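Note sheet for the following structure.
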Amino acid sequence: MKIMPFTYVLLLFPALVLAGGIHDHSHGHEIYSVGAPGTGEPDRRITVSMRDSMRFVFEPQLRTLQHGETIEFIVRNNGAIRHEFSIGNAEDQVKHAEMMRKMPDMKHEDPNTLSLAGEETGRLSWRFMGDDIVVFACNIPGHFEAGMKHEIPITMDAQ
């Protein structure tokens with residue numbers, strides 16, 4: 001029996017679809033290592049200044065993160081060069097930094113990252129979950145290594 005080339009494609013199609021894996025593209029419902037995008041009224045608001053001195057400045061100071069709390073970050077790039085504000089754990093930030101080294105001009109559409117040109121402002125709302133250490137980072141090549149990061153553990157204690 002002779003099988004036509006088109007038949008091979010039909011026979012292989014289910015395998016190709018399954019090899020691609022199953023992905024949840026329902027934005028707003030993704031779960032990340034240290035939480036998920038925040039919805040509704042935040043528990044608190046924090047202003048973040050990103051500076052060309054390779055530092056984040058949080059107002060008021062960000063000293064604690066509670067499991068289940070939602071924070072709206074008002075992020076301002078007070079510098080002249082592009083910076084980013086990314087939320088994740090250490091592993092997330094290493095992966096993101098590797099990707100940024102390969103594609104330094106990439107534009108972010110991730111709910112846990114803002115990329116801002118000089119003098120731009122953006123907002124990011126995040127609901128912290130788990131008991132990991134949160135790493136706030138700028139992964140533009142060289143910025144993290146120069147100290148543009150901030151680490152805080154999520155605590156499970158009641159507020």
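Looking only at strands (runs of 3 or more DSSP E) that fall completely inside region 106-156, which ones have 2 or more residues that are free of Cβ contacts under 8 Å to residues at least 24 places away in the same chain and touching a Gly at 6+ places or on another chain (Cβ under 8 Å)? Step through it out loud before you land on a result.
Values: elements: 113-116, 121-128, 133-137, 149-155.
In region 106-156, no matching strands (runs of 3 or more DSSP E) lie anywhere.
May I ask you to verify whether Ile133 is of a type outside the set (S, T, N, Q), under 18 Å from Gly68 (Cβ atoms) and surrounded by fewer than 20 Cβ atoms within 10 Å (Cβ to Cβ)? First the steps, then the outcome.
Details: of a type outside the set (S, T, N, Q): yes; under 18 Å from Gly68 (Cβ atoms): yes; surrounded by fewer than 20 Cβ atoms within 10 Å (Cβ to Cβ): yes.
Yes.
Values quoted throughout were computed directly from the atomic coordinates according to the rules given, and no laboratory measurement underlies them. Note that the structure is a prediction, hence the values are computed from the model and not measured. Neighbour counts are summed over all protein chains in view; Cβ atoms, including those assigned to glycine, are modelled from backbone coordinates with ideal geometry.
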